[in-house]
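J.: The structure under discussion is supplied below as structure tokens; questions concerning it will follow.
The values are calculated or read from the model by the stated rules, or taken from the named source; none is laboratory data. Remember, predicted model here, so these are calculated numbers, not experimental data. In this analysis, Cβ positions are derived from the backbone assuming ideal geometry, glycine residues included, and neighbour counts consider all displayed protein chains.
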Amino acid sequence: MSVWFFTCLLTAQADPLPSIPFETYKLENGLNVILSEDHSIPSVQVNIWYGVGSKDETTGLTGFAHLFEHLMFQGSENYNMDYFNALEEIGASVNGTTSFDRTNYYEGVPSNHLPLALWIESDRMGWLLPALTEEKLQNQKEVVRNERRQSYEIRPFGRVWMWLFENLYPQGHPYHVPTIGKHEDIANAQMDDVTAFFKKWYQPSNASLVICGDFNPSQAKELVQKYFAEIPNNNTPTPLMSMEPVVLKENKIVRKTDKVPYSKVWIAWLSPPLFAPGDAEMDILSTLLSEGKDSRLHKALIEEKGLAKDVAAYQYSTQLQSQYMIEATVATGKTSDEVVSAIEEVLKEFSASEEEVRVAKYNWEARFYQNLTTIARKSDMLNNYYMRTGDAGYIQKDLQRYLDVSADSIDQTFQKVILNSKRVYLHVTPEPKEAQ
Amino acid sequence: MLFSLLTLLACGPKPPPVVAAHSPSREATTRPAPLEKSSFSLPSLEKGTLQNNIPVAISKNNEVPLVYIWITFDAGGWTDPDDQIGLAKATMDMLDEGAGEYSAGALSKELRKLASSISTQATMDGASIRLQCLKKNLKPSLELLAEILQQPTFPQSVWDRKAQEYQQELARQTSDPKQIARRVWRKLLYGQEYAGRLQQSTHIESLSTTAMKQWHQTFLTPDNAQIWVGGDTSLDDILPHLEETFGQWSVESTQPFPRKPSAITLQEPTRTFVYLVDQPGVSQSVMYLGHGVGTKTDEHATPLLLANQSFGGMFTARVNMNLREDKGWTYGAWTWLSYNYYPGTWTMSSSVITKQTAAAIREVIKDIRESKSTRPLTTTEFERGRGDLLGQFPLKFEQPAYLLSRQIEISRYNLPKDWLNQYEDRISKVTLEDSQAVWNDIIDPESMFIVVVGDRSAIESDLLDLGYTVIHTDYNGQKIEKE
């Protein structure tokens, strides 16, 4: 039954290239606006990215960008109550997220409520501070510290990211501490810090607004003008967009015990930044190393040697520099050192073939279509492309990065970034059982 | 790419006070009126039948050149023998570990050549195999789907390895406070039946490839199958392909289908008890609290849904406003209704800072009591809840998966055929009075199960002060008699 496998694919039955139609312009205050129509359902997404993330925090204020994001939901001068009140009653889906590199806010609303979504977003962009109180700040500090406990502390292996990043990057580097931050810093945040942070970063010229979904463009433009144009741009901040890459000078072996049910091991490297040469190679490398039961790591660690329960290799792409990770769960009765040796054996012998690279690229291409199935995802893609590259229409160039990868370019990147580079080994094992 | 652990989701704020919204600094000081509402009609579902009577339903969506095929079976965790809990799940998991001439690796490789993916799953109530592929690769992808479904080999060597992995997974679940709370909760509600039958290490030891083959033969049969299609195709296009791959599929039935137990009764506490599972040193306690309610088609189900929405189903609902936005004791607190084959449950859950564990329970119980007496649901809360449910309804149909999932539910639980079409009507006609009456009647804070997973040494004396009997259990919900 397998003849057709080799005939019907990879050949040119051309699908339309994945694309997101849009138009874009700037307001006088510098706010970037991107409009993208999609009338498949009567819903519209309003999505704003601010060019500030935890990498831009002042020294000693870890966790602040994220704490600030919480405060953005506490009401603003002309809508001084919980942001969710107005939006839940119309059935909107609302949230915000903060990462190393940026902060985003979004609401998916029934399309007739576009004016409300734009008004309320603009109110907090321009008039947040008059409504902020010490009480709100104190409360959200507690909420965020509980978020830290819930998402990082009581969850098995939840502390791993803190251990990895503090070892990959030196003290003081913007990526040294994960976005959630440290308890003591969150607890120390002051009202003055909040005010200064808002005034510095939450400027229209440091933001990009996407409206994606079911709307009338000329009407949307009027609304954007009406609600956002009156926000003054008081300064034009410059987020940190690049930095001399950190190079690990030696291998680090970190061993931790924690409340975990079994052992896991991570190997982490520093790798090329998002969209930089080599970034797409790292993604395709992940496919060859650990995607599917025929992948190299799966075969060697799980099938042949029975050393691991699962294994995954992935590139976590970020602005200043990225991180490449291989993580594996150690099988019962085996050790994390055995797993590390087996991974290194696979790496030592690695070399990509043209055929497998071609198939991997085909799969990455198909993923682009999947990303286009929701207006929420499309909104984030448009803003991501704009904020990182200055071109909201970067999708085809993005795809092209993957299509340009070759077995040679993978091998070269692999040698440079992985094989011949120092790395961090993190072994996490269960706490010893208490003596009976 | 990937991981949400580094992208920290976060939300908002705090209720009133509403400040008179007058600011000299902005022109647009007042909330704008909505535009004219766009019309919405449910996406349609077309139906057909294969020669061997397998029903086919399709929801078209040609936004991107992708096609989804789901085949569902009326079989799930409820079929597990008492000594082999997890058999349905393990069988579905093993399905793509080898089929016909293909090894697991070869299947993976063939699928990747097509940029297709196939996944299998079993829940308590159902089992399914799902394909996603590019439209142009539909035919070869379907062939692989058929091979996996009809010719699985259940290799012993793979199972030997997987059995170990299952033991590790069980160890993970029984060390994660949230998972422990869920296990104990299920045990308390369902006792020895249905979801109360928790998987143990010995169950995994008892699973065998022989049992899996038998389960496969019994349940994954054409007369127990339905095919659901979504995406960039049409009934006319897809039927010949399905006919070719599944139309001739027949299985000699080896034994009659075991049927689901017709009815079970949820456990009901005579008064409110606290079940405490000790996790020394944790910085938060996970709490689950609630009791059984009727079924999804009961007359009171919709009024109850609306009452729940205002009480705890939204960010701005009372429970979250109190525990998160007023007290700052948690990242979030929610209540929800959940239904399956049997009577449903009403649950409140939250992870709260250790030292406020008992206080949080006291607050929730107080909120429930007051919602039935001195502080009934307000029109504002109620209409916000209704607006939330109605407003989000159309948005859910953006991807065909949602319509298919709801249709599967209708079929699985024997709901009225127009269940989905009547949704907006049902929600619209409930009054606050209906909801409040049903709420008062059903939700009972004096007769609840409360599960707490947390640091016993730090929270027990406060829990005892609440006045409830505190019962110590292990992660299986089994009472610990001797300490």
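J.: Condition (residue is out of contact with any strand residue (DSSP E or B) (no Cβ under 6 Å at 6 or more places or on another chain), among the acidic types (Asp, Glu) and in contact (Cβ under 8 Å) with a residue 40 or more places away in the chain) applied to region A:324-335: is it met by at least one residue?
T.: Within region A:324-335, not a single residue is out of contact with any strand residue (DSSP E or B) (no Cβ under 6 Å at 6 or more places or on another chain), among the acidic types (Asp, Glu) and in contact (Cβ under 8 Å) with a residue 40 or more places away in the chain.
J.: Let me confirm something: among A:209, A:168, A:223, A:240, which residue is buried (at least 16 other Cβ atoms within 10 Å of the Cβ), touching a residue at least 40 places away in the same chain (Cβ under 8 Å) and more than 26 Å from residue B:29 (Cα to Cα)?
T.: Criteria check complete, one pass: A:168.
J.: Regarding residue B:202, is this residue in contact with an Asp or Glu (Cβ under 9 Å, 6 or more places away or on another chain) and either within 14 Å of chain A (Cβ to nearest Cβ) or in a helix (DSSP H, G or I) (or both)?
T.: In short, yes.
J.: Within the set of pairs 6 or more residues apart or between chains, which connect a residue that is facing chain B (nearest Cβ under 7 Å) inside region A:359-372 to a residue that is buried (at least 19 other Cβ atoms within 10 Å of the Cβ) and of a type in the set (Gly, Ala, Ser) with Cβ atoms less than 7 Å apart?
T.: A:362/B:115; A:363/B:115; A:366/B:115
J.: Within region A:371-391, can one find any residue that is part of a helix (DSSP H, G or I), under 30 Å from residue A:43 (Cβ atoms) and of a type in the set (Phe, Trp, Tyr)? Steps first, answer last, please.
T.: Start the filter on region A:371-391 by keeping residues that are part of a helix (DSSP H, G or I), which leaves A:371, A:375-389.
Still in the list and also under 30 Å from residue A:43 (Cβ atoms): A:371, A:375-389.
Keeping just the survivors that are of a type in the set (Phe, Trp, Tyr) gives A:385-386.
Yes - at least one qualifying residue is present in region A:371-391.
J.: Can you list the strands (runs of 3 or more DSSP E) found entirely within region B:42-149 that contain at least 3 residues being surrounded by fewer than 21 Cβ atoms within 10 Å (Cβ to Cβ) and modelled with pLDDT under 95?
T.: none
J.: Checking the condition touching a strand residue (DSSP E or B) at 6+ places or on another chain (Cβ under 8 Å), surrounded by fewer than 20 Cβ atoms within 10 Å (Cβ to Cβ) and not aliphatic (A, V, I, L, M), which residue from A:149, A:124, A:159 passes? Walk me through it before giving the result.
T.: Numbers: A:149 fails: surrounded by fewer than 20 Cβ atoms within 10 Å (Cβ to Cβ); A:124 fails: surrounded by fewer than 20 Cβ atoms within 10 Å (Cβ to Cβ).
The unique qualifying residue is A:159.
J.: Here's another thing I want to ask about it. Hey, does region A:306-323 have a residue that's part of a strand (DSSP E or B) and in contact (Cβ under 8 Å) with a residue 60 or more places away in the chain? Step through it out loud before you land on a result.
T.: Restricting attention to region A:306-323, the residues satisfying the condition of being part of a strand (DSSP E or B) are A:308-316, A:322-323.
From the residues that got through so far, the ones that are in contact (Cβ under 8 Å) with a residue 60 or more places away in the chain too are A:323.
There is at least one residue in region A:306-323 that is part of a strand (DSSP E or B) and in contact (Cβ under 8 Å) with a residue 60 or more places away in the chain.
J.: Is one or more of the residues making up region A:342-355 among the charged types (D, E, K, R), under 30 Å from residue B:68 (Cβ atoms), at pLDDT 95 or above and surrounded by fewer than 23 Cβ atoms within 10 Å (Cβ to Cβ)?
T.: yes
J.: Return a yes/no flag: does region A:300-310 have any residue that is hydrophobic (A, V, I, L, M, F, W, C), over 26 Å from residue B:161 (Cβ atoms) and modelled with pLDDT of 95 or more.
T.: Within region A:300-310, none of the residues are hydrophobic (A, V, I, L, M, F, W, C), over 26 Å from residue B:161 (Cβ atoms) and modelled with pLDDT of 95 or more.
J.: Something else: With the checklist (1) more than 8 Å from chain B (Cβ to nearest Cβ); (2) among the hydrophobic types (A, V, I, L, M, F, W, C); (3) assigned to a loop (DSSP other than H, G, I, E, B) in hand, flag the one item residue A:180 doesn't pass.
T.: (1)
J.: Looking only at region B:28-73, how many residues end up being under 30 Å from residue B:137 (Cα atoms), within 14 Å of chain A (Cβ to nearest Cβ) and of a type in the set (A, V, I, L, M)?
T.: So the answer is 4.
J.: Please identify the pairs in which a residue from region A:11-26 that is over 23 Å from residue B:137 (Cβ atoms) and within 12 Å of another protein chain (Cβ to nearest Cβ) has its Cβ atom under 7 Å from the Cβ atom of a residue that is assigned to a loop (DSSP other than H, G, I, E, B) and modelled with pLDDT of 65 or more, counting only partners at least 6 apart or on another chain.
T.: A:20/A:372
J.: How many residues does region B:326-351 contain that are at the interface with chain A (Cβ under 10 Å from one of its Cβ atoms) and either of a type in the set (Val, Ile, Thr) or within 25 Å of residue B:260 (Cα to Cα) (or both)?
T.: Adding up the residues that qualify gives 1.
J.: Follow-up. Where in region B:404-483 are there helices (runs of 4 or more DSSP H), lying fully within it, with 2 or more residues that are more than 18 Å from residue B:382 (Cβ to Cβ) and of a type outside the set (D, E, K, R)? Lay out the reasoning, then the answer.
T.: Values: elements: B:423-429, B:432-442, B:456-465.
Because the criterion is at least 2 residues that are more than 18 Å from residue B:382 (Cβ to Cβ) and of a type outside the set (D, E, K, R), the helices (runs of 4 or more DSSP H) in region B:404-483 that meet it are B:456-465.
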